[in-house]
1. In the stretch 82-91, what residues are touching a residue at least 40 places away in the same chain (Cβ under 8 Å) and closer than 14 Å to Met64 by Cα?
2. Look at Ala228 and say whether it is in contact (Cβ under 8 Å) with a residue 12 or more places away in the chain, in contact with a strand residue (DSSP E or B) (Cβ under 9 Å, 6 or more places away or on another chain), buried (at least 24 other Cβ atoms within 10 Å of the Cβ) and within 28 Å of Gly24 (Cβ to Cβ).
3. Taking Ala51 as meeting all but one of (1) crowded, with 17+ Cβ neighbours inside 10 Å; (2) within 17 Å of the chain's Cα centre (by Cα); (3) farther than 24 Å from Ser178 by Cα, write down the number of the exception.
4. Which ones in the stretch 147-177 are farther than 13 Å from Ser125 by Cα, in contact (Cβ under 8 Å) with a residue 12 or more places away in the chain and under 19 Å from the mean Cα position of the chain (by Cα)?
5. Does Asn187 fit the bill of being in a loop (DSSP other than H, G, I, E, B), within 27 Å of Gly68 (Cβ to Cβ) and among the polar types (S, T, N, Q)?
6. Inspect the stretch 92-113 for any residue being within 26 Å of Lys164 (Cα to Cα), in contact (Cβ under 8 Å) with a residue 24 or more places away in the chain and in contact with a strand residue (DSSP E or B) (Cβ under 9 Å, 6 or more places away or on another chain) and give the result as yes or no.
7. Given the criterion touching a Phe, Trp or Tyr at 6+ places or on another chain (Cβ under 8 Å), basic (Lys, Arg) and modelled with pLDDT under 75, identify the matching residue among Arg295, Arg299.
8. Output the residue which, of all residues in the stretch 39-69 that are of a type in the set (A, V, I, L, M, F, W, C) and free of Cβ contacts under 8 Å to residues at least 60 places away in the same chain, is farthest from Phe94 (Cα to Cα).
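The values are calculated or read from the model by the stated rules, or taken from the named source; none is laboratory data. None of the values given here were measured: they were computed from a predicted structure. Using ideal geometry, Cβ is built from the backbone for each residue, glycine included, and neighbour counts are taken over all protein chains shown.
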Amino acid sequence: MSYVDPSTGQHYSLTEARWRADNGHYLNLAPGPGLARADIDASRRSVWRYAKALRVDAAHAVSMGEGGTPLVDRQWRGVPVLYKLEFMMPTGSFKDRGTTVMVSYLRSRGIEHVLEDSSGNAGASLAAYAAAADMRCRILVPETASYPKIAQIAAAGAAVVTIKGSRQDVAEAALRQSSEIFYASHNWQPFFVEGFKTLAYELWEQLGFAAPDNLVVPLGYGSNVVGADVGFAELVRRGEIARRPRIFGVQAARCAPYAAAFQAGGEHLVPLRLAEQPVACRRLARAGVQAPLERVHHRPQRRPAQGVGGGQVA
């Protein structure tokens, strides 16, 4: 088991916690063992029921009962749809899937102080799980961040630092501070995506060990899209399902850089500078629902959707 730099193929041991390669590129995890239905630990009522497929020893699990969110059968424009109620998580956000696995891994590697930049949900999730793990936590937020989200982060005991400027300015401040504190970024640390595999496992189990035909997920920085694709691909490799579902990532119509890149046939997001972003993008950023658009590297979002006949829409 190892980290892998997809730009060079270089492997790094999981013994040392890291969030990027030596050359600054993002990291993935090498392909995992996958999951069979016999591997499910039915005694656990959280994402850790799938622990055999996660690259973290369950003995180190920092869990607050995340996962197991209901599927509600409804109609949408006359089409039968199953809604996955991911807001029914300990911190009210689907990000708890990734945070529980990432924090558990970091604690197992001796990390005691974590740093994150966030406009809301990711910071609230990390603050809560860091507190559960007895880790110190610093969250950098835009000065325009939602006050209730700031209050939620602070209530968990994290140190909240407001940063002037754009959402990207906050991300850059975090990069500078990462020399002092481990950067437990939901956008960079690959164990966060590892946690999102459990969305695929859970849907598969809830549907009677079958894959859905289509999966529609919100798309910000892409953890949902990438994690679900990895999870279903592992189920295919284990022979538990015959095919992956079509995956559709959805962005707000007036702030949809990934959807635009997908429609243009590009593999990577073309970053937008703040002055070039539509007013709608800047408003969404102030509302706390936008990831930073300027990054040196982006995990490709086109391949998971295109490879199974899905797409990215706005």
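1. Passing the criteria: only Thr91.
2. Yes; evaluated as a whole, the condition is true for this residue.
3. That leaves (2) as the condition not met.
4. Correct list: Arg167, Gln168, Val170, Ala171, Ala174.
5. Working: in a loop (DSSP other than H, G, I, E, B): yes; within 27 Å of Gly68 (Cβ to Cβ): yes; among the polar types (S, T, N, Q): yes.
So Asn187 fits the description; yes.
6. Among the residues of the stretch 92-113, at least one is within 26 Å of Lys164 (Cα to Cα), in contact (Cβ under 8 Å) with a residue 24 or more places away in the chain and in contact with a strand residue (DSSP E or B) (Cβ under 9 Å, 6 or more places away or on another chain), which makes the answer yes.
7. Values: Arg295 fails: touching a Phe, Trp or Tyr at 6+ places or on another chain (Cβ under 8 Å).
Only one candidate passes the filter, namely Arg299.
8. Within the stretch 39-69, the subset of a type in the set (A, V, I, L, M, F, W, C) is 40, 42, 47-48, 51, 53-54, 56, 58-59, 61-62, 64.
In the following step, the residues that additionally are free of Cβ contacts under 8 Å to residues at least 60 places away in the same chain were identified as 42, 48, 51, 58-59, 61.
Working: Ala42: 21, Trp48: 15, Ala51: 18, Ala58: 20, Ala59: 23, Ala61: 18 Å.
Looking at the filtered set, the residue picked out is Ala59.
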